[in-house]
1. Return yes or no: is T88 touching a helix residue (DSSP H, G or I) at 6+ places or on another chain (Cβ under 9 Å), surrounded by fewer than 16 Cβ atoms within 10 Å (Cβ to Cβ) and at negative phi?
2. For residues in region 43-80 being assigned to a loop (DSSP other than H, G, I, E, B), surrounded by fewer than 13 Cβ atoms within 10 Å (Cβ to Cβ) and not basic (K, R), which is nearest to the chain's Cα centre (by Cα)?
3. Just checking, which of F106, F115 is touching a residue at least 60 places away in the same chain (Cβ under 8 Å) and either among the charged types (D, E, K, R) or closer than 28 Å to G155 by Cβ (or both)?
4. Is at least one residue of region 139-159 exposed (fewer than 14 other Cβ atoms within 10 Å of the Cβ), among the polar types (S, T, N, Q) and either more than 20 Å from the chain's Cα centre (by Cα) or over 16 Å from F95 (Cβ atoms) (or both)?
5. Among the residues of region 91-117, which ones are among the aromatic types (F, W, Y) and either surrounded by fewer than 18 Cβ atoms within 10 Å (Cβ to Cβ) or touching a Pro at 6+ places or on another chain (Cβ under 6 Å) (or both)?
6. Restricting to region 20-42, give me the number of residues that are surrounded by 13 or more Cβ atoms within 10 Å (Cβ to Cβ) and modelled with pLDDT of 95 or more.
7. Residues in region 118-133 that are assigned to a helix (DSSP H, G or I) and either aromatic (F, W, Y) or crowded, with 17+ Cβ neighbours inside 10 Å (or both): how many?
8. Looking at (1) of a type outside the set (D, E, K, R); (2) more than 15 Å from L73 (Cβ to Cβ); (3) modelled with pLDDT of 95 or more, which one does Y136 not meet, given that it meets all the others?
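The values are calculated or read from the model by the stated rules, or taken from the named source; none is laboratory data. These figures come from a predicted structure and were not determined experimentally. A quick note on method: Cβ atoms are made from the backbone with ideal geometry, for glycine too, and the neighbour counts reach across all protein chains shown.
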Amino acid sequence: MTDTTPDPIEGADMPLPPAIYPLICVGGSYFLNKYLPLAVPDFLTGEPAINGKLAVVVLMVSLLLIGWSIRTLRAHKTTLLPHRTVATLVTSGPFNYSRNPIYLGFSLLLIAMFFSTLNLWLVILLPLNIGLLQHYVILPEEKHLAESFSSGYKGYRLKVRRWL
């Protein structure tokens, strides 16, 4: 007989997967833009080709950062899912510069979308995205990592900033 019970949650305790929070902000920005549009400042609309190029550059940076982070986690044979138990404390690659490079990449995606659409609500809701990620994802993750790697994580926190 096979056991159908789900795997126990042994990692960071969080209500939603991390990718949901940027999606909430994207959905909210498009809803708000539809029913409460904001005028885009003239300096952003003067040369649309520049906005498109900025969108592509920021998009590429965000995708490269997220991809590099995922590759680094996989190379260390640890989970990509923060609600699962981590096998090792990863401090190399992008984690040498930011303790949360994937979440930084998510925020950069919102900025890329702003340059692409000029929906000002994306920029206005960016702090909400950062706040939601910090409160519901990063703080529980940090608690889990501190419990799992005590002194090693303490040293890492002193050396590497949370965002940049």
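1. Details: touching a helix residue (DSSP H, G or I) at 6+ places or on another chain (Cβ under 9 Å): yes; surrounded by fewer than 16 Cβ atoms within 10 Å (Cβ to Cβ): yes; at negative phi: yes.
Yes, satisfied.
2. Initially, region 43-80 is screened for residues assigned to a loop (DSSP other than H, G, I, E, B), giving 46-47, 76-80.
Then drop every residue that is not surrounded by fewer than 13 Cβ atoms within 10 Å (Cβ to Cβ), which leaves 46-47, 77, 80.
Next cut, not basic (K, R) only: 46-47, 80.
On the way: G46: 31, E47: 29, L80: 13 Å.
Among them, the one singled out is L80.
3. Working: F115 fails: either among the charged types (D, E, K, R) or closer than 28 Å to G155 by Cβ (or both).
The unique qualifying residue is F106.
4. Scanning region 139-159 turns up at least one residue that is exposed (fewer than 14 other Cβ atoms within 10 Å of the Cβ), among the polar types (S, T, N, Q) and either more than 20 Å from the chain's Cα centre (by Cα) or over 16 Å from F95 (Cβ atoms) (or both).
5. Here is the first cut: in region 91-117, the residues among the aromatic types (F, W, Y) are 95, 97, 103, 106, 114-115.
Hits for region 91-117 are Y97, F106.
6. Going through region 20-42, the residues surrounded by 13 or more Cβ atoms within 10 Å (Cβ to Cβ) turn out to be 20-26, 28-30, 32-33, 38, 40.
Within this subset, residues satisfying the condition of being modelled with pLDDT of 95 or more are 20-26, 28-30, 32-33, 38.
So the answer is 13.
7. Filtering region 118-133 down to residues assigned to a helix (DSSP H, G or I) leaves 120-124, 126-133.
Filter again for either aromatic (F, W, Y) or crowded, with 17+ Cβ neighbours inside 10 Å (or both), leaving 120-122, 126, 129-130, 132-133.
Residues flagged as assigned to a helix (DSSP H, G or I) and either aromatic (F, W, Y) or crowded, with 17+ Cβ neighbours inside 10 Å (or both) within region 118-133 amount to 8.
8. Of the numbered conditions (1) of a type outside the set (D, E, K, R); (2) more than 15 Å from L73 (Cβ to Cβ); (3) modelled with pLDDT of 95 or more, the odd one out for Y136 is (3).
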